[in-house]
Amino acid sequence: MARWPRARPVGERAVLVEFPPEIDPLISAQVRALGALAAARADVVETVPAFRALLIILAVGADRSRVIREVGDLLTDPAPRALSPGREITVPVVYGGLQGPDLAEVARRLGLREEEVIDLHCGREYLVHMVGFAPGFPYLGSLPDVLRLPRRASPRTRVPAGSVAIADRLSGIYPQDTPGGWHLIGWTPLRLFDLRDPRPALCEAGDRVRFVRVDQVPPASAAPLRQVEPSEPRVAVLVVREPGLAATIQDGGRRGYRRLGVPWSGPMDPAHHALANLRAGNRPDAAAVEMTWPPPVLEAVGDGICAVAGPGWEPVVDGRPVDPAGPVVLRRGQVLEFRRSTDAMWAYAALAGGIDVPSILGSRATYLRGGFGGLGGRALWEGDILGRREEASHPRRLPSLGPVDDPSPAQMDDPLVVRVIPGPHEDRFTEEGFQRLLTQVYTVTPQIDRTGYRLMGPPIPHAGPAEILPEGMLPGAVQVPGDGTPIVLMADGPTTGGYPVIAYVVTADLPRLAQAAPGRQARFRQTTVAALGGEEM
């Protein structure tokens, strides 16, 4: 029998503190109180509060054993510590009609009139237990018992921004256009996430929300903000002649906003991203183009210097291959293309001086699902102008930074061996299921993107329900949904998730998995933090 609360290690550099698995205001207060104490520590970089769990992300070099021990001391006090009162937020809602297309069906299934559903939904104050799923999406609890319905059997591929919805015991508000499986009963004109606000999320954990019915909203009401369009670069260098597939601008990543549903983003292969920047004379984390196959075609509209890095990727200028390890000098009118000698998925093109796009929430990284960062929150389009932020510093020839620039035997192993650290939910799987993860071969499917990689192979059986109350998660999490097929979260993966995590891919191996093309086989090998050179647990 589990003893609550408890602190468990997660991956290489995080701690998950779990309370009883219930949706309860007192438990939520305990999570938030502990989160406030943890966030004040010098060895903690971020926390992600959820319904009944707190994810604590540690600084590099932090003593995790000490953090777990000291957090454990705090957990001996069952009463939540003093918390600043959350904000009171009033949300105007237009119910039913085109704005709430599921209201009539919800009323029918519950044996109520539509007016009764509206009155019940408006008739109480809701606690923001957590923010996740998408930037600014609040999980609001709890609904009256009479309004509880399971999620839709078939999720919508697009839910309009501002939609007010219910599912199970909760209500929520969609901050942007996303897929979704909740029942849509209304719509609000409020911005749930505003990139121009120093406090971008309308709702944060601990706030209180009350819905107010309105018959209509003014025509000038602002739609929820999704992106910030970039201005023209100061010094234009390249124009996009062909955009390729899903090429984006990425820097070192966006930190500090996971508790609001904003992932780190940044490069799928940080070592090659840094290598391209160093060859161009930039800081390792400068903004550069991340590209997959087929890559973009770029034309110089001014003189500039760029550099390329990726396993087996090479630059081609005006049809002639050039030194892939050195800076590439471009003159006005020259065309830059790319070729590869492997099937590696990701490569980087850095512009000397760094690519000139706005910094949003402290980063220039593109977050496609959130619709912000980079060039208006999207992939490159034909006609986009790429300019440099600064003068070129010290471009140089760098053959490699160790083995990262070559298709080495370790990268070409077939199947690819990927090390994992078990947990934190290994107890939610049968022993057979866990051994299956470690002994069977899995194949990378075409269902891969910057959010996650779905693998196909023998299904991993659960020991119980295939869902958990949503809680904080990190890139590298090996989630196992109800069908038993693992999904590995990547750079743009959600900050919270509702499927149990059987293991975490170690940080050094996640880019190697990211470089694996569909059809590539992989197998998981268990390791420990101690074996990786970290502390014993």
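The values are calculated or read from the model by the stated rules, or taken from the named source; none is laboratory data. Please read all numbers here as calculations on a predicted model, not as lab measurements. As a convention, Cβ positions derive from the backbone with ideal geometry for all residues, glycine included, and neighbour counts pool all protein chains shown.
The figures follow:
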{"quantity": "Among the residues listed as Arg152, Arg158, the single one being within 24 Å of Leu112 (Cα to Cα) and either surrounded by 17 or more Cβ atoms within 10 Å (Cβ to Cβ) or touching a residue at least 12 places away in the same chain (Cβ under 8 Å) (or both)", "calculated": "Arg152"}
{"quantity": "Residue count, region 365-386 (criterion: within 23 Å of Ala236 (Cβ to Cβ) and either assigned to a strand (DSSP E or B) or without any contact (Cβ under 8 Å) to a residue 60 or more places away in the chain (or both))", "calculated": "5"}
{"quantity": "Residues being among the hydrophobic types (A, V, I, L, M, F, W, C), crowded, with 16+ Cβ neighbours inside 10 Å and not in a strand (DSSP E or B) - total across region 40-67", "calculated": "4"}
{"quantity": "Count - residues of region 383-432 that are modelled with pLDDT of 90 or more, among the acidic types (Asp, Glu) and over 28 Å from the mean Cα position of the chain (by Cα)", "calculated": "2"}
{"quantity": "Residue among Ile89, Ile68 that is farther than 24 Å from Gly162 by Cα, in contact (Cβ under 8 Å) with a residue 40 or more places away in the chain and within 29 Å of the chain's Cα centre (by Cα)", "calculated": "Ile68"}
{"quantity": "Hits in region 347-370 (condition: closer than 16 Å to Ala246 by Cβ and buried (at least 24 other Cβ atoms within 10 Å of the Cβ))", "calculated": "Ala347, Tyr348, Ala349, Ala365, Thr366, Tyr367, Gly370"}
{"quantity": "Selection within region 73-90 - under 30 Å from Arg213 (Cα atoms), surrounded by fewer than 16 Cβ atoms within 10 Å (Cβ to Cβ) and at pLDDT 80 or above", "calculated": "Pro85, Arg87, Glu88, Thr90"}
{"quantity": "Some residue of region 464-481 being modelled with pLDDT of 95 or more, more than 24 Å from the chain's Cα centre (by Cα) and small (Gly, Ala, Ser)", "calculated": "no"}
{"quantity": "Those residues of region 175-188 which are touching a Ser or Thr at 6+ places or on another chain (Cβ under 8 Å), surrounded by 17 or more Cβ atoms within 10 Å (Cβ to Cβ) and at pLDDT below 95, in sequence order", "calculated": "Gly180"}
{"quantity": "Pro25 vs. criteria more than 19 Å from Thr507 (Cα to Cα) and of a type outside the set (S, T, N, Q)", "calculated": "yes"}
{"quantity": "Test: residue in region 513-523 that is farther than 16 Å from Leu437 by Cα, touching a Phe, Trp or Tyr at 6+ places or on another chain (Cβ under 8 Å) and of a type outside the set (A, V, I, L, M)", "calculated": "yes"}
{"quantity": "All strands (runs of 3 or more DSSP E) inside region 301-364 with 3 or more residues being of a type in the set (D, E, K, R) and either in contact (Cβ under 8 Å) with a residue 24 or more places away in the chain or out of contact with any strand residue (DSSP E or B) (no Cβ under 9 Å at 6 or more places or on another chain) (or both)", "calculated": "335-340"}
{"quantity": "Selection count where residues are farther than 11 Å from Gly181 by Cβ and in a strand (DSSP E or B), scope region 150-163", "calculated": "2"}
{"quantity": "Residue, surrounded by the fewest Cβ atoms within 10 Å (Cβ to Cβ), within region 448-483, restricted to residues that are in contact with a helix residue (DSSP H, G or I) (Cβ under 7 Å, 6 or more places away or on another chain) and in a loop (DSSP other than H, G, I, E, B)", "calculated": "Gly464"}
{"quantity": "Tally, over region 310-320, of residues that are farther than 24 Å from Pro233 by Cα and either of a type in the set (Phe, Trp, Tyr) or out of contact with any Pro (no Cβ under 6 Å at 6 or more places or on another chain) (or both)", "calculated": "6"}
{"quantity": "Hey, Glu70 at pLDDT 95 or above and either part of a strand (DSSP E or B) or among the acidic types (Asp, Glu) (or both) or not", "calculated": "no"}
{"quantity": "Selection count where residues are of a type in the set (A, V, I, L, M, F, W, C) and over 21 Å from Gly370 (Cβ atoms), scope region 124-140", "calculated": "1"}
{"quantity": "Qualifying positions in region 34-52 - out of contact with any His (no Cβ under 8 Å at 6 or more places or on another chain), closer than 16 Å to Pro494 by Cα and aliphatic (A, V, I, L, M)", "calculated": "Val48"}
{"quantity": "Region 274-300 - residue that is part of a loop (DSSP other than H, G, I, E, B) and of a type in the set (S, T, N, Q) and, of those, surrounded by the most Cβ atoms within 10 Å (Cβ to Cβ)", "calculated": "Asn282"}
{"quantity": "Filter pass, Leu98 being outside the structural domain of Asp207 (by TED's automatic domain parsing) and outside any helix (DSSP H, G or I)", "calculated": "no"}
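Conditions (1) within 18 Å of Gly261 (Cβ to Cβ); (2) assigned by TED's automatic domain parsing to the domain that holds Leu140; (3) in contact (Cβ under 8 Å) with a residue 12 or more places away in the chain; (4) more than 21 Å from the chain's Cα centre (by Cα), marked per residue:
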position: Ala165; (1), (2), (3), (4): yes, yes, yes, yes
position: Gly172; (1), (2), (3), (4): yes, yes, yes, no
position: Thr178; (1), (2), (3), (4): yes, yes, yes, no
position: Gly181; (1), (2), (3), (4): yes, yes, yes, no
position: Gly186; (1), (2), (3), (4): no, yes, yes, yes
position: Arg191; (1), (2), (3), (4): yes, yes, yes, no
position: Pro198; (1), (2), (3), (4): yes, yes, no, no
position: Cys203; (1), (2), (3), (4): yes, yes, yes, no
